[in-house]
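Structure record follows, encoded as structure tokens.
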Amino acid sequence: MSAAAAPSTSGLLAHLGPADRQAIMGMGASIEVDERRTLFHQGDDGESVYLLLSGLVKVVRGDAAGRSTILTLRGAGDVVGDLAAIDGQPRSATVTTLTATRCRVVPGALFRAFSERPGVGSAITRYIAYRLRDADTQRAEMATLPVRQRLARALLRTHAGAGAAVALPQQELANLIGASRNSVVDALAVLRRRAIIATERRGVVIRDLDALHALANEDLR
């Protein structure tokens with residue numbers, strides 16, 4: 001997306017009215033970050049909020065044993081780092097760009113003042129509730145759905161349109177859906193044979209979006 005293009009109205013932006021959306025778009029500083037760069041680390045002090053205007057990031061949480069889990073992915077319209085700005089605690093996860101990403105870096109104090117505007121606080125609450133519901137949905141999918149459907153739903157969450165690349169290596173896709181790498185390799189092979197996706201060195205390319213939707217929702221029909 002070019003610098004002049006309008007950002008996607010999803011994520012937090014989707015919950016804000018036009019005036020508030022325009023206001024937060026003018027806050028802080030605009031930056032462009034290359035792919036595979038870390039915006040902040042779990043445990044860091046810091047309260048800046050990153051409003052994503054384009055690109056895709058992964059949110060990863062580690063434990064004391066050195067294991068890490070991809071909690072979720074966030075894209076245009078989302079914010080990351082907002083919890084630390086709200087509660088003043090250290091960063092709860094590490095956020096790394098998967099693609100070249102453009103965002104606005106909003107100081108925590110400015111974000112807190114913004115949240116006190118009429119209607120904005122409730123919009124942020126709705127957005128956080130949406131994220132919690134999304135996390136619950138993904139946990140339920142990992143417990144109940146076969147790998148192929150979990151993979152289809154993960155690809156749908158990350159795509160930027162038919163033919164767009166999903167910038168996740170196979171091991172990270174496996175981590176995201178709670179499956180083994182071998183099972184993800186097998187599922188990708190099936191999707192390739194059906195001409196639903198193609199695989200490249202840097203990720204997965206969606207070729208047939210309708211077919212991917214159908215696979216993702218087979219259990220609902």
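Determine if region 189-209 includes at least one residue that is surrounded by 14 or more Cβ atoms within 10 Å (Cβ to Cβ), under 15 Å from the mean Cα position of the chain (by Cα) and part of a helix (DSSP H, G or I).
no
Might you let me know whether region 137-149 holds any residue that is without any contact (Cβ under 8 Å) to a residue 60 or more places away in the chain, under 21 Å from Gly77 (Cβ atoms) and either among the hydroxyl-bearing types (Ser, Thr, Tyr) or open to solvent by 40 Å² or more (accessible area, probe 1.4 Å) (or both)? So that I can check it myself, show each step before the final result.
Start the filter on region 137-149 by keeping residues that are without any contact (Cβ under 8 Å) to a residue 60 or more places away in the chain, which leaves 137, 139-144, 146-147.
From what is left, the residues that are under 21 Å from Gly77 (Cβ atoms) are 137.
From what's left, either among the hydroxyl-bearing types (Ser, Thr, Tyr) or open to solvent by 40 Å² or more (accessible area, probe 1.4 Å) (or both): 137.
Yes.
For Gly66, all conditions in the list (1) at positive phi; (2) surrounded by fewer than 20 Cβ atoms within 10 Å (Cβ to Cβ); (3) in contact (Cβ under 8 Å) with a residue 24 or more places away in the chain hold save one; what is the number of the exception?
(3)
If you check Arg133 against the conditions, is it out of contact with any His (no Cβ under 6 Å at 6 or more places or on another chain), within 30 Å of Leu191 (Cα to Cα), surrounded by fewer than 12 Cβ atoms within 10 Å (Cβ to Cβ) and of a type outside the set (Asp, Glu)?
Working: out of contact with any His (no Cβ under 6 Å at 6 or more places or on another chain): yes; within 30 Å of Leu191 (Cα to Cα): yes; surrounded by fewer than 12 Cβ atoms within 10 Å (Cβ to Cβ): yes; of a type outside the set (Asp, Glu): yes.
Taking the combined requirement at face value, the residue satisfies it.
The values are calculated or read from the model by the stated rules, or taken from the named source; none is laboratory data. This is a predicted model, so every value here is computed, not measured. Quick reminder, even Gly has a Cβ in these numbers, built from the backbone with ideal geometry, and neighbours come from all protein chains shown. Note: accessible area is taken over every heavy atom of the protein model, side chains too, but ligands, DNA and RNA are not part of it. Shrake-Rupley method; radii C 1.70, N 1.55, O 1.52, S 1.80 Å.
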